Each structure stands twice: as C-alpha cells, then as structure tokens.
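The values are calculated or read from the model by the stated rules, or taken from the named source; none is laboratory data. Not measured: the values here are computed from a predicted model. Cβ placement follows ideal geometry from the backbone for every residue including glycine, while neighbour counts extend to all protein chains displayed. The protein model used for the area step is the full one, side chains on, heavy atoms only, and it has no ligands, DNA or RNA in it. Shrake-Rupley method; radii C 1.70, N 1.55, O 1.52, S 1.80 Å.
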Amino acid sequence: MVVFRQEMVEERMGCCWSQTKDQFDNLEKHTQWGIEFVERYTKFVKERSEIELSYAKQIRNLSKKYQPKKNSKEEEENNKYSACRAFLSTLNELNDCAGQHEVIAENLTSQIISELTRYIQELKAERKSHFHDGRKAQQHIENSWKQLESSKRRFERDCKEADRAQQYFEKMDSDINVTKADVEKRCSHKARQQAQARHQMAADSKTEYASYLQKFNQEQNDHYHTLIPHIFQKIQEMEEKRIERMGESMKTFAEVDRQVLPIVGKCLDGMTKAAESIEPKHDSSQVVESYKSGFEPPGDVEFEDYSQAMKRTASECSLSNSRAEGKPDKPTGKSKGKLWPFMKKSKGAGSEDFSHLPPEQRRKKLQAKVDDINKDLEKEMDKKDAILKMKDVYVKNPHMGDPGSVDPRLAETGQNIEKLQLEAQKFQGWLAEVEGKMPVKSEPPQRQSVLYETQSSVPSSNNCAQDRESSPDGSYTEEQSSEAQIKVPNAEYDDEFDDEETLPTIGTCKAIYPFEGNNEGTISVMEGELLYVIEEDKGDGWTRVRRNEEEEGYVPTSYVDVFLDTNGKGAMTYI
C-alpha cells in the first residue's frame, strides 16, 4: 500500500511538471505573437506616414505647376481678374493643406513609430527575463526532485539489503540440524556487525530520504504557490501593458488626424471664401476696359447714285470740257473703302508713340509710360538730393571726403534728369493729343467717317490732327500727313488705287462654317470651300481672303482653317 501511494505521488508530480512546462511553452508562443503584432502595427503606421509624405509632395507639385510664372502675362491676368485671383488663393490653400499632411507624417513618426520601436526592444528584454526566471525555477524543482528520487532509491536498496541480512541470520539461528560448532562458525561476531551495519545504513538512508522529502515538499510548495505564480503574474502584466500600449497608439493614430482638421477646415474655408469673392461683372468690365478701342461707331453709308450719268446730256456734262477745265475725273465703279472693323491695320505697329494701337489702348500705354518715367525721374531727383547732401557734408567737413569727388556723379544724375524730363514731355504731349481727341462719355457719339478726308479750305497746320482723327485704328505718321496735303483733294481716290493693287497670296484656307457676308468688305463662303489667304488676322478676328481676281473680302477667322505658305509670302498664285 505504501509503495502504491508513493507511485501515485510520483505520477501526479510528473504530470504537474509537464503541465507547467507546457504552460511556459504556450505563454512563450503567445508573447512572441504579441511582439510580432506590435511590429506589424508599427510597420502599418510607417507605411501610412510614407503615404502622407508622398501625397503632400504630389499636392505641392500640383500647386506649383499651376502657379503663374513671375513677371509673366499670366501673373498680370491673375492680378486683374477676380476668378484668377480666387484660383490662385485656392492653390495657396491647397499648398497649406499639403503642409498639414506633412505634419501628420511627422507626428505619426515621432508619437507612434519611434515610441513603439523603442517599446518593442524593452518588451523583448522583459519577456526574455521572465522566461529565463521561469526556466530556472523549473530546472531547480526538477533537480530537487531528482535528488529526492535518488535518496528514495538508496533508502529502498538499503532496506532490502538489511532485510535480507536479517532473514539470513534468523534462518541460521533457527535451524535445529546445525551443530553448535557450525553455529558458532557461521554466526560469528563479524556477521552480527555486518547485519547491524546494514540496519544502520538503512536507518541513515531513511533519515536522508526524509530530509530530502521534507526539503522537496517545501520547495515544491514554494514553486507552485509562490515562484511560478509570481512569474506568471509578471508575464500577464507584461501582456496587459502591451495591449494597453497598443490601444494608446491606435488612439494617437486617430488624434494625429484630428489635430490638423481645424487647420484643414480653415484652408477649405479659405477656398470657399475665394470662390465667393469672384465678381463676374467686375471681370467682364476688366475685359471691356482692357480691349475697348475708343473708336466711335461709323455713321450711315451715303447712297451713291450712279444713275445720274445716264440722265446727263452732252451739253450738261462733257468729259472733254471737264478735262479742259482741269477738273478731276470722278471715279466710276464701286468704292473699295472698308468700314470698321474691316479696315486694314496700320503698318506702324510697335512705334514709339503707340500709334499702331486703338485710341483707348494707346492712351493707356502712354499713361503707363508717363507714370514709369515719372517714377524714374523721382528716383533720380532723390539721388541728386542725396549727392548734394553728401557734397555739403564734405564741404563742411573736408576730412570726411573731397567735395569735388561727387561732381561726376552729380553731372551724370543731372543728365539723366534732363533726359527723363525730355522723355516725359514727349510722351505727355502724345498723351494730351490722344486725350484731346477721346470722345466725352456724357456726349452722344458723333458720326465719324472711316475714309481719309482733307479739304482745301482747312489750313495745313490742322491737317495733322485731322488725318490722325480720321485714321480708323488711331495710327498716324508724318508721311501720311504730308501725302494727304500734296496729293489729290479727296483721299478716297488713294484708298481706291491702293486696294486695286493685287496682293500676293500667303496661304490657303478651308471654310468650316458657311458665312453669308452681308456687310460691306466681307465675302460670303460656303462650308468646305477652298480660298486663298492674302492677309492674316491682325488680332481683330478677321482674315482677308480671295476667291478669284474679282472676288475678295474678309471672313471671320474662327470660320476657316488657315494654312499659311511656309516657303514665303507671295509664292502662291490663284486660278
């Protein structure tokens, strides 16, 4: 019964150690999985941070791509029109939004990635320490169990040997067939001592076994009730701390986005405010202000009665008498003078006085030029005052400098001032001339002829102003004025003779829309018709074309596809 109970204890203890070892293995696997989970989450946040940086970079590049270039026409238009200014504000706000995405990436890196990377190292070290202590305790209790098992087997062996010696002695002592001499021979003093020694060894083994058993039971009790539970508790706390840390990181992940939402909201509010600042009427008025020409609408075209020639008699009008009296012949045929906007542009484009521009545009250019000259003149005047002050200081304090050393700079500044003053006078004169001819807005528009007219009764000193006023596009040169004085009294003849000269073709065009051409100076075309181009669009939206020797005129540029000759103007002929 004692042996059976001991075997049951041994079986139970082996089962407990095996279970403890299994629990350590399971906990080791689980905690390793926990560390790998933290590492996986850290990698996720890192990739999110990289996406934010990449997105911010793309947004910045997009905003920069559509920003107007410095000192360009596009920048000038952006400053002029409210819609362009609103779009520019939207680009700036979008650039600020990109900055907030960079802030998100930076906070994710500093508040989550860096913290979790450091925590993972600490977690690995703590986990290693706990399992090291657990394995050490497990090894200690196993060694103690082995010592107990060894003392138990030794006690069992000594007991069996003592029992055999005792049985042998009793057998020999109770045998009646043995003679007294044999008994004395066999049961000597040495045999008794040996039997007693065996009993003593058994007694010592029993004491040792009892001591080891007591010691093992105490250690086992400490192992299962104090040491192992303490280690398991630390592992549990480590796991709970890891889980809590993961929750804090996930909360921070959301808070990083939440922190920039107010700023992103302000950027969106800025975009909305920019959109609401768009003023369609203001923008359209800017277009009108930029492109209005200042031309007065032409008056009614007078009726030319060609039937008078049929009613005249030979006595009333004689061609020979008319020539004999020195009167100019009245031209016959249809006049080729063109009404605005079908008049040819002036060839003086790019002239210093901007006479190639329409009156209103010319006035703006001249005014801007006068303002620029006045600014330069003011700078030179300030420079001259500074030089004079410096010279006065040198005169009063010769040790600071030679007064004569500033004379070259003073002379140069004086020349610049004189040059700018002459330049200002010149442009102010042109500006005064243009403003003197600009129609007053409160007065009704007066009839203005589109043909050049000079009368012999007007003094030659006024011809200049009259010729320039009669120019449809505001252009004027001295050659035009002198020619108008020395040629025939009516400049209409010159216009007719100029138009009769055949212009060379510079390309071809194909009509993409039909055009009726009801106004004078235009020509009707059918869709798909091929024509010759004899004059490019000069910016007024009209192209001059020719069908044959008899038919030519203007068509809207948007109604045709133009193919200019690349081999040089005049290289083409018409059929």
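Excluding Asp133 itself, what net charge comes from residues whose Cβ is under 12 Å from its Cβ, given Lys and Arg +1 and Asp and Glu -1?
Working: positive: Arg127, Lys128, Arg135, Lys136, Lys234; negative: Glu126.
Value of the local net charge: +4.
Estimated at 0.36 nm per residue, the fully extended path between Ser150 and Glu279 surpasses their Cα-Cα distance by 36.2 nm.
In segment 87-168, carbon and sulfur make up what percent of the accessible area (probe 1.4 Å)?
On the way: 2240 of 4520 Å².
Whole-percent figure for carbon plus sulfur exposure: 50.
Per-residue surface analysis assigns Phe354 an accessible area of about 40 Å², computed on protein heavy atoms at 1.4 Å probe radius. Centre-to-centre separation between the Cα atoms of segment 187-248 and those of segment 63-106: 80 Å. Can you give the FRET efficiency to the nearest 0.05 for Arg258 and Glu289, using r as the Cβ-Cβ distance and R₀ = 60 Å? The calculated FRET efficiency here is 0.80. Per-residue surface analysis assigns Tyr306 an accessible area of about 120 Å², computed on protein heavy atoms at 1.4 Å probe radius. Ordering Cys509, Cys84 by accessible surface, largest first, gives Cys84, Cys509; the 1.4 Å probe counts only protein heavy atoms, with every chain in place.
What's the carbon and sulfur percent of segment 246-288's accessible surface, probe 1.4 angstrom, rounded to a whole number? Intermediate results must be reported in sequence, preceding the final value.
On the way: 1840 of 2910 Å².
Result for segment 246-288: 63 percent of the exposed heavy-atom area is carbon or sulfur.
Taking R0 as 60 Å, what FRET efficiency do you get between Lys251 and Glu529 from their Cβ-Cβ distance, rounded to the nearest 0.05?
Values: r = 75 Å, r/R0 = 1.25.
E(calc), rounded to 0.05, equals 0.20.
Give me the number: length gained by fully extending Leu268 to Ile417, i.e. 0.36 nm times residue separation minus the C-alpha to C-alpha distance, one decimal in nm. Could the numbers behind the result be given before it?
Details: separation 149, 0.36 × 149 = 53.64 nm, distance 5.17 nm.
Full extension of this stretch gives 48.5 nm more.
Rolled with a 1.4 Å probe across the full set of protein chains, the surface gives Arg48 an accessible area near 50 Å². For Glu529, neighbours were defined as the other residues whose beta-carbon sits under 14 Å from its Cβ, and their charges (Lys and Arg +1, Asp and Glu -1) total -2.
Given the Cα-Cα distance of Tyr41 and Lys215 and 0.36 nm per residue of separation, how much length would full extension add, in nm?
Values: separation 174, 0.36 × 174 = 62.64 nm, distance 4.85 nm.
Contour length minus the Cα-Cα distance gives 57.8 nm.
Set the Förster radius R0 to 35 Å, insert the Cβ-Cβ distance between Gln425 and Val301 as r into 1/(1 + (r/R0)^6), and round the FRET efficiency to 0.05. Show your work: numbers first, answer last.
Values: r = 41 Å, r/R0 = 1.19.
Computed FRET efficiency for Gln425 and Val301 comes out at 0.25.
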